[in-house]
Amino acid sequence: MSDSKNHTMLNKIFKKKRSKLFVIQSDRGFKKDSTVGNRTDLELDVSDESFGKYTKHDSIGSAIDRKKIGWFIVLISTTLLIFSCKSAQLQIIQGDHYKKLADRNRYREERVIPPRGMVFDNNGKILAKNIPAFILTMTISDLPEDTKRRSNVINRLTKLTGLQRADIDLAITDFINNPNDPIPLKKHLSYEIAMKLAIETSSLDGFDLEIGSQRKYPLNAQSLSHILGYTGTMSLDDLKNSDGEYKPIDTIGKTGIEKIAESILRGIPGIVITEVDAIGKNLSVISKTKRTDGSSITLSINSNFQEYIESRMLNLFTRVGATRGSVIALNPQTGSIKALVSLPAYNNNDFTNGIKIDEYEKLLNNPDRPLFNRAISGEFPSGSTFKPFIAYAALTEGIIKEHSSFISTGGIRINEWFFPDWKTGGHGVTDVRKAISESVNTFFYILGGGYDKVTGLGVKQISEYARMFGFGEQTGINLPAESDGFLPSKEWKREVKKERWYVGDTYHLAIGQGDFLTTPLQMAIATSVIANGGFKVVPYLIEAVDGSLSDINLSHQPKVIENINSESIEIVRQGMRQTVTQGSARSLNTLSQSIAGKTGTAQAPGDKPYYSWFSGFAPYTDPDLTLIILIEEGGSSNDAAVPLAKEIFQWWFEKNSK
């Protein structure tokens, strides 16, 4: 039946009998009521003229319905607006970001790690190489999403490897921002465990066994560890500072040459991009980038020389009761380091293999600090090895001349203070050559702080000349953690110690005591200036890269010190030669070639034995070796440093002299 016919029929019915429906408003809403009486506020007129329409009395109901409809429209509109904005954000503003995420889930980037460059000594002897290693890795994005299944997989793995569940959970937390990068869980797996894992990992989603390499140091001398350093797994800080260049599975140089030459040794990884399925299995190779192997490095170090020096130092330790010391041997013409020994040392293979916590704590808690490279980082009072530089400064400034002399009677008294010579009764009439060779304190007190009618250098000029020779600043060696020593000043003492500078402070400084500190390497560079007649060299260890002269050394050519006084240098050289022929190191005069040197005995803190020093060079006329020895708490120089110097020079003359 059509809508028009329905409408006509209804009109006929309502024309015969007009009915009025009264709607009474109750607390629960509106309802029909048959009672005729006073009308309610709403009346429905069902006549044909107004069928389906509200009368003028419908204002309350109409207002309520319209308000509901209005709120409904606002709600719908707001929802649509929110969805539209979010859609625009995801598709337009963050579209590239989410496309990359999608591509990352679809494509997998695999790094082909190149072999690290080897390290050789100057005779071609291997100091650092690579050996194969099995590595267990975890890729977070490939782990099962289901919590129970993931837990089962991880538990199975812990039983196979002995890893702790907490270690795996921690790795997931630490590397949550690297979900598609393989994370090394355990390196250096034994062959037996590796074979088990090779079978099991096929059913352990998210875990793989990879064949990589580890560093091996075939050390004959543990002191090489301070030179070579070691490599290690990337830490979170390493990754943060690498600007995306490294991945968690990579290794990086942590200390020594391994750290300084990281960019040379590492090479450039290759990249293989593959398409993967939903569970991370490879489907096809999209692209490949070839790797570039790391370059090999040749050091200036003679490892046989290094090994010999270490063995003789250990023998000396046993004899004099010392436990710490350092030796530096370098070419004063070029800065090429032939040996750099710091004892005690450590085995860097322990670190590449993953050192155990208790073993690491033993190293850290050892009072002799075996991890500390005292040859370049230790700062010590120099004792009398500083005196040749005071002599040069006084000669150059005209405070003394070549044949000027003072009488040493056993010391100098200033008011109630007495500054002694080391020799009771003094050394008698002393000129500059004798003062160097016999280490006459009185002579250098006068040169430094003045006495009677002589005006000394003073702390400012002493510091200026000391800096000229390289004290108080880093030498520039290509090793990390070099110290810069310390040169005191009046201003420093007033600010730090809240005291004025006294003449006694200058006296102490002039003989290498007091607050002055130097590293053994600084002393080697300063002594080399005297040895070569006025050139300042930059010490270096890296001699060649892939067999070619290292570019690192091209900028480290020796430089003539500006305004160097050749006459003063020559007089000081003669005084150091006289130390061996007539002075405090006469035992060295029996060797086959001529040696120049200076002994030093520096006071140690407290009542401990003295620090025993020797600085020197040979052959005297055309030196190719500067030698610095420091035996901490070794006693007098003639008991420790000089006998060791004799053994070292003798080896050098026999094996490497011109």
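Any chance region 338-353 includes a residue that's in a helix (DSSP H, G or I), in the same structural domain as Lys608 (by TED's automatic domain parsing) and crowded, with 19+ Cβ neighbours inside 10 Å?
Narrowing region 338-353 to residues in a helix (DSSP H, G or I): 349-352.
The next check asks that each one be in the same structural domain as Lys608 (by TED's automatic domain parsing); those that pass are 349-352.
When the remaining residues are screened for being crowded, with 19+ Cβ neighbours inside 10 Å, the result is 351-352.
Yes, region 338-353 has at least one match.
Name the one entry in Glu275, Glu307 that is of a type in the set (D, E, K, R) and either at pLDDT 90 or above or part of a helix (DSSP H, G or I) (or both). Lay out the reasoning, then the answer.
Values: Glu275 fails: either at pLDDT 90 or above or part of a helix (DSSP H, G or I) (or both).
Residue meeting the stated conditions: Glu307.
Can you name the condition, by its number, that Ala466 falls short on among (1) assigned to a loop (DSSP other than H, G, I, E, B); (2) at pLDDT 95 or above; (3) not aromatic (Phe, Trp, Tyr)?
(1)
Select from region 419-440 the residues that are of a type in the set (S, T, N, Q) and over 18 Å from Thr601 (Cβ atoms) and list them in ascending order. Don't jump to the end; show me each part of the working.
Here is the first cut: in region 419-440, the residues of a type in the set (S, T, N, Q) are 424, 430, 437, 439.
Within region 419-440, just Thr430 meets the criteria.
Here's a check for you: in region 354-389, which residue that is farther than 28 Å from Trp652 by Cα and among the polar types (S, T, N, Q) is surrounded by the most Cβ atoms within 10 Å (Cβ to Cβ)?
Looking at residues that are farther than 28 Å from Trp652 by Cα and among the polar types (S, T, N, Q), I get Asn366.
Just to be sure, is Ala481 part of a helix (DSSP H, G or I), touching a helix residue (DSSP H, G or I) at 6+ places or on another chain (Cβ under 8 Å) and farther than 16 Å from Ser300 by Cα?
Working: part of a helix (DSSP H, G or I): no; touching a helix residue (DSSP H, G or I) at 6+ places or on another chain (Cβ under 8 Å): yes; farther than 16 Å from Ser300 by Cα: yes.
The answer is no for Ala481.
Conditions (1) touching a Ser or Thr at 6+ places or on another chain (Cβ under 6 Å); (2) more than 18 Å from Ser384 (Cα to Cα); (3) of a type in the set (S, T, N, Q), marked per residue:
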{"position": "Asn563", "(1), (2), (3)": "no, yes, yes"}
{"position": "Thr579", "(1), (2), (3)": "yes, no, yes"}
{"position": "Asn589", "(1), (2), (3)": "yes, yes, yes"}
{"position": "Ser594", "(1), (2), (3)": "no, yes, yes"}
{"position": "Ala618", "(1), (2), (3)": "no, yes, no"}
{"position": "Thr626", "(1), (2), (3)": "yes, no, yes"}
{"position": "Ala641", "(1), (2), (3)": "yes, no, no"}
{"position": "Trp652", "(1), (2), (3)": "no, yes, no"}
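For residues that are aromatic (Phe, Trp, Tyr) and over 29 Å from Leu127 (Cα atoms), tally how many sit in region 191-232.
Of region 191-232, the ones aromatic (Phe, Trp, Tyr) are 191, 207, 217, 230.
With over 29 Å from Leu127 (Cα atoms) added as a condition, the list becomes 207.
Adding up the residues that qualify gives 1.
What tally of residues in region 494-504 results from selecting those that are charged (D, E, K, R) and under 37 Å from the mean Cα position of the chain (by Cα)? Quick ask: steps written out before the conclusion?
Within region 494-504, the subset charged (D, E, K, R) is 494-495, 497-500.
Keeping just the survivors that are under 37 Å from the mean Cα position of the chain (by Cα) gives 494-495, 497-498.
Number satisfying all stated conditions: 4.
What are the pairs with Cβ atoms under 6 angstrom where one residue, in region 529-541, is under 17 Å from Ala618 (Cβ atoms) and the other, located anywhere, is of a type in the set (D, E, K, R)? Sequence gap at least six, or different chains.
Val529/Lys536; Ile530/Arg573
Is it the case that region 382-394 has a residue that's within 30 Å of Pro480 (Cβ to Cβ) and not in a helix (DSSP H, G or I)?
Yes, the conditions are met somewhere in region 382-394.
Would you point out which residue out of Thr255, Thr292 is buried (at least 19 other Cβ atoms within 10 Å of the Cβ) and either modelled with pLDDT of 85 or more or closer than 28 Å to Pro344 by Cα (or both)? Steps first, answer last, please.
Details: Thr292 fails: buried (at least 19 other Cβ atoms within 10 Å of the Cβ).
Selected residue: Thr255, the only one of Thr255, Thr292 that is buried (at least 19 other Cβ atoms within 10 Å of the Cβ) and either modelled with pLDDT of 85 or more or closer than 28 Å to Pro344 by Cα (or both).
Select from region 604-658 the residues that are at negative phi and of a type in the set (Asp, Glu) and write down the one among them that is modelled with the lowest pLDDT.
The extreme case among them is Asp607.
For Thr396, are the conditions met, namely being β-branched (Val, Ile, Thr), in the same structural domain as Thr527 (by TED's automatic domain parsing) and surrounded by 22 or more Cβ atoms within 10 Å (Cβ to Cβ)?
Working: β-branched (Val, Ile, Thr): yes; in the same structural domain as Thr527 (by TED's automatic domain parsing): yes; surrounded by 22 or more Cβ atoms within 10 Å (Cβ to Cβ): no.
Judged against the criteria, Thr396 is not a match.
Those residues that are farther than 18 Å from Leu340 by Cβ, crowded, with 18+ Cβ neighbours inside 10 Å and aliphatic (A, V, I, L, M), I need them from region 477-506; list them, please.
Leu487, Val503
Looking only at region 414-472, which residues are more than 21 Å from Thr599 (Cα to Cα) and of a type in the set (A, V, I, L, M)?
If the condition is that a residue be more than 21 Å from Thr599 (Cα to Cα) and of a type in the set (A, V, I, L, M), then Ile414, Val454, Leu457, Val459, Met468 are the ones that fit.
Based on what the data block shows, is Gly449 of a type in the set (Gly, Ala, Ser), over 34 Å from the mean Cα position of the chain (by Cα) and in the same structural domain as Lys559 (by TED's automatic domain parsing)?
Working: of a type in the set (Gly, Ala, Ser): yes; over 34 Å from the mean Cα position of the chain (by Cα): yes; in the same structural domain as Lys559 (by TED's automatic domain parsing): yes.
It is true that Gly449 is of a type in the set (Gly, Ala, Ser), over 34 Å from the mean Cα position of the chain (by Cα) and in the same structural domain as Lys559 (by TED's automatic domain parsing).
May I ask you to list the residues in region 603-623 that are in a loop (DSSP other than H, G, I, E, B) and touching a strand residue (DSSP E or B) at 6+ places or on another chain (Cβ under 8 Å)?
We begin by selecting, within region 603-623, every residue in a loop (DSSP other than H, G, I, E, B); these are 603-610, 619-623.
Within region 603-623, Gln603, Ala604, Tyr610, Tyr620, Pro623 qualify.
Give Gln461, Gln474 a once-over and let me know the one that is out of contact with any Gly (no Cβ under 7 Å at 6 or more places or on another chain), outside any loop (DSSP other than H, G, I, E, B), in the same structural domain as Arg374 (by TED's automatic domain parsing) and surrounded by fewer than 21 Cβ atoms within 10 Å (Cβ to Cβ).
Working: Gln474 fails: outside any loop (DSSP other than H, G, I, E, B).
Unique residue meeting the criteria: Gln461.
The values are calculated or read from the model by the stated rules, or taken from the named source; none is laboratory data. The structure displayed is predicted, hence computed values, not measured ones. Note that we place each Cβ from the backbone using ideal geometry, even for glycine, and neighbour counts take in every protein chain shown.
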